[in-house]
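A short reminder: the numbers here are calculations on the coordinates, not readings from a lab. Owing to the predicted nature of the structure, the values given are computational and were not obtained by experimental measurement. Virtual Cβ from ideal backbone geometry, glycine too; neighbours counted across all protein chains shown.
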Amino acid sequence: MLRRQGRISAVKKRDGARAPEVKRLDKALGSQFPAGAMLIASPLAVAEAVEQVPAGRVMTMRALRERLAARYGADYTCPLTTGIFLRIAAEAAVEEGDGGRQTPYWRVVREDGRLLDKLPGGAAAQAKLLLAEGVECRAAGAQGWRLAPGVLP
């Protein structure tokens, strides 16, 4: 009989992940993966970048990827893994609570201002945290929550 293994904590996933790595793509693998030097970040690198966003401000996923690429000398950062690593960093921050690493994951939004429903608590929880910092958000019906017009940098 197979024994089910326990769930790996997000903190272990964040802190035990491989170091960021720049991979060279000789040819494009689709529109999101053009030829060039692509950074595959890490949950810890994503957490460190997000921790630079001051209270009351937001950063788009694109700006996060651009910041990471510049830091590691890459042409761009993998969009797929960046989203996964942001979620891991967010879940780790929630697991650790006030006594742990303070990663303000709620300050990251989509390019069009929509909030991220895959973060802990969903878009409504992200809106609540942003509103507490003075960032205007609005319910957007079936589209969840989004920033108020004019909030995006």
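For the reader, a short list of remarks on this structure follows.
- Its relative contact order, with pairs defined as Cα atoms under 8 Å and 6+ residues apart, puts segment 83-152 at 24 percent.
- Across the chain, the mean sequence separation of Cα contacts (distance under 8 Å, 6 or more residues apart), normalised by length, yields a relative contact order of 21 percent.
- The helix-only estimate of mean residue ellipticity at 222 nm for the chain, built from DSSP H runs of length n ≥ 4 each weighted as -39500 (n - 2.57), is -11000 deg cm²/dmol after division by the residue total.
- Summed residue charge, Cβ within 9 Å of Glu133's Cβ, Lys/Arg positive, Asp/Glu negative: +2
- Within straight-line cross-link reach of Lys128, lysines at Cα separation under 22 Å, skipping those fewer than 8 residues along the same chain: Lys118
- With the convex hull drawn around the C-alpha atoms of segment 10-111, the volume per residue stands at 88 Å³.
- Selected from Leu147, Gln102, Pro79, residue furthest toward positive end of dipole (the chain; charges at beta carbon): Pro79
- Dipole check for segment 1-139: with +1 at the C-beta of Lys and Arg, -1 at the C-beta of Asp and Glu, and the Cα centre as origin, the magnitude is about 460 Debye.
- Put in line by how crowded their Cβ is, counting other Cβ atoms within 10 Å and starting with the fewest, Phe33, Phe85 read Phe33, Phe85.
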